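Take a look at the structure set out below.
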Amino acid sequence: MINVDNLEVSFSGSTLFSGVSFVINPTDKIALMGKNGAGKSTMMKIIAGVQKPNKGKVNAPKDVVIAYLPQHLLTEDDATVFEEAAKAFKEVFTMKAEMERLNKELETRTDYESDAYMSIIEKVADLGEKYYQLEDVNYDAEVEKALKGLGFRPSDFGRPTKEFSGGWRMRIELAKILLQKPDLILLDEPTNHIDIESVIWLEDFLVNKANAVMVISHDRAFVDNITNRTIEVTMGKIYDYKANYTHYLQLREERRAHQIKAYQEQQKMIADNMAFIERFKGTYSKTNQVSSRERMLEKLEIIEVDEIDTSALKLSFPPAPRSGDYPVSVDAVSKSYGDKQVFKQANMSIARGEKVAFVGRNGEGKSTMIKAILGEIEVEGKCQLGHNVKVGYFAQNQAAMLDPNLTIFQTVDEVAKGEIRTQIKNILGRFMFKGDDIDKKVSVLSGGEKTRLAMVKLLLEPVNLLILDEPTNHLDLKSKDVLKEALLSFDGTLILVSHDRDFLGGLAKKVFEFKEQRVIEHFETIDEFLERNRIKSISEINLNQ
């Protein structure tokens, strides 16, 4: 269907990748993988047609529709949520309006024999043929279904898009893409700004209703659930696997083991031949053999062993000071903003050492409850921190709150106290900020780098209650794995808000679900909760249309 032919991209004399060729078939669900900086987003932009390669091209039939959702985008502010999403059907509505206009013109004209009259009839016939070939679709119902699936309430449909945050605007753009039913959907980190239920809905849509899909994502469960093919970008070239992400990791290890073995055998062969050449150089009877081996070595293509991304964050939390038996107690707590009731009569008690997850759709009160627990907002009822509780809090927008004018070193030095100040460079090194990196301004850092820097600030003093609100946004898979290992070994109490199921899996032993103004306690692991929730949420969304 779509042919990627011999792509090459270079920046400032350095080649990002070259000689890249592959075909995207009509039902492929592709994960585009590789370490940060390998060129994944660049390749996706080229396929989308928003960036040109230095060499090569992307060939697709004229009628193929490719839709692209970048990591960051700006939407216009001239419409309501429903109107903006309905723009997905703009061509259909334009076609219908043009047919109606031409038919009205035919009703008023009397020059039945003229060329102009016949031209209008031909236009109406052409438009009609295209229009009536389209599926008989209830467009309003389709828009409503997509918006609900991505977390919007019916009361949101009439609100202007300018009232919504960047994450919610991303959902509107995603709804438009899904409604177009393109031949190829390109998604760059689509799950960063949507909650678990919406991720589950999106998975179901991509697997069962979408045509070809290519996705870049650090959400391992999402990638595994939707893809049947993995294209890895590494060392300027690609490897193509007919496998999902987890299977690809196994195949990649096998490939690297074969490469190492072949490399070692080749190096031994080179050493043996070099020794032969050195030994018999100048020996008349061996002249032909020496020359032959020298020519062979000159032409030899050295086997390359794929690099391993060793730039991994090394992370462990300081030992937690002992707190009271129940670090968090919430008793009959209610909170409203004007007429909007967020939750009412909520109760929870979290014991020392428990690791719990707050889950639910965005806007159901997870972050509000955290603010209530921390005493940052006034509520009805009683929120209480236990004896000797020391809180470490990572807010959802923690990275954005960093001062862009400070350097990395200054950011940490500003909050470090006492002895720890002598260790700042070592601590930053453990978080992959090495050498001259520490003099970089915060303003030039990527999202992942800012998140890591915000995490450094969190670790500067021991705490026994960690509250993390979406800590994995912008972290790559390896950094997320290291953070998860550190949280598993953390000996304090943990409250975790995250939409990343793979990250939550095995970590949270109890779940507090925020739903319909209630907080429901589930004595089950996050995996058990999500398995139930997956079936329930998709059927609810589909039944309520």
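Tabulated data
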{"item": "Test: residue in segment 240-251 that is hydroxyl-bearing (Ser, Thr, Tyr) and out of contact with any helix residue (DSSP H, G or I) (no Cβ under 8 Å at 6 or more places or on another chain)", "result": "yes"}
{"item": "Segment 286-303 - residue that is open to solvent by 90 Å² or more (accessible area, probe 1.4 Å) and in a helix (DSSP H, G or I) and, of those, farthest from residue 264 (Cα to Cα)", "result": "288"}
{"item": "Any hit, segment 507-516, residues being of a type in the set (Phe, Trp, Tyr), touching an Asp or Glu at 6+ places or on another chain (Cβ under 9 Å) and within 23 Å of residue 390 (Cβ to Cβ)", "result": "yes"}
{"item": "Subset of segment 17-29 (residues that are of a type in the set (Val, Ile, Thr) and open to solvent by less than 50 Å² (accessible area, probe 1.4 Å))", "result": "20, 24"}
{"item": "Strands (runs of 3 or more DSSP E) wholly inside segment 346-408 that include at least 3 residues being open to solvent by 20 Å² or more (accessible area, probe 1.4 Å) and touching a strand residue (DSSP E or B) at 6+ places or on another chain (Cβ under 8 Å)", "result": "380-385"}
{"item": "Yes/no for residue 490 being touching a strand residue (DSSP E or B) at 6+ places or on another chain (Cβ under 6 Å) and within 28 Å of residue 386 (Cβ to Cβ)", "result": "no"}
{"item": "Extreme residue, modelled with the highest pLDDT, among residues of segment 177-198 that are over 16 Å from the mean Cα position of the chain (by Cα) and of a type in the set (D, E, K, R)", "result": "183"}
{"item": "Of all residues in segment 448-480 being of a type outside the set (A, V, I, L, M, F, W, C) and more than 17 Å from the chain's Cα centre (by Cα), the one that is most open to solvent (accessible area, probe 1.4 Å)", "result": "461"}
{"item": "Residue in segment 37-56 that is over 22 Å from the mean Cα position of the chain (by Cα) and surrounded by 16 or more Cβ atoms within 10 Å (Cβ to Cβ) present", "result": "yes"}
{"item": "Only one of 10, 14 that is polar (S, T, N, Q) and open to solvent by less than 60 Å² (accessible area, probe 1.4 Å)", "result": "10"}
{"item": "Considering residues of segment 270-285 that are free of Cβ contacts under 8 Å to residues at least 12 places away in the same chain and open to solvent by less than 60 Å² (accessible area, probe 1.4 Å) only, the residue nearest to residue 235 (Cα to Cα)", "result": "271"}
{"item": "Candidates 10, 14, 41, filtered to the one that is of a type in the set (S, T, N, Q) and under 22 Å from residue 221 (Cα atoms)", "result": "41"}
{"item": "Whichever residue in segment 159-198 is in contact with a helix residue (DSSP H, G or I) (Cβ under 8 Å, 6 or more places away or on another chain) and part of a loop (DSSP other than H, G, I, E, B) and, among such residues, is surrounded by the fewest Cβ atoms within 10 Å (Cβ to Cβ)", "result": "159"}
{"item": "Test result for residue 439, surrounded by 18 or more Cβ atoms within 10 Å (Cβ to Cβ), in contact with a Ser or Thr (Cβ under 6 Å, 6 or more places away or on another chain) and of a type outside the set (Phe, Trp, Tyr)", "result": "no"}
{"item": "Criterion: polar (S, T, N, Q) and without any contact (Cβ under 8 Å) to a residue 24 or more places away in the chain - qualifying residue of 329, 323, 316, 336", "result": "336"}
{"item": "Within segment 58-90, considering residues that are more than 22 Å from residue 213 (Cβ to Cβ) and loosely packed, with under 14 Cβ neighbours inside 10 Å, the one modelled with the highest pLDDT", "result": "90"}
{"item": "Qualifying residue in segment 305-327 (condition: part of a helix (DSSP H, G or I) and at pLDDT below 90)", "result": "no"}
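The values are calculated or read from the model by the stated rules, or taken from the named source; none is laboratory data. Predicted model only: the values in this text are computed from it and were never measured. Cβ: placed from backbone, ideal geometry, glycine included. Neighbour counts: every protein chain shown. SASA here: full protein model, heavy atoms, side chains in, ligands and nucleic acids out. Shrake-Rupley method; radii C 1.70, N 1.55, O 1.52, S 1.80 Å.
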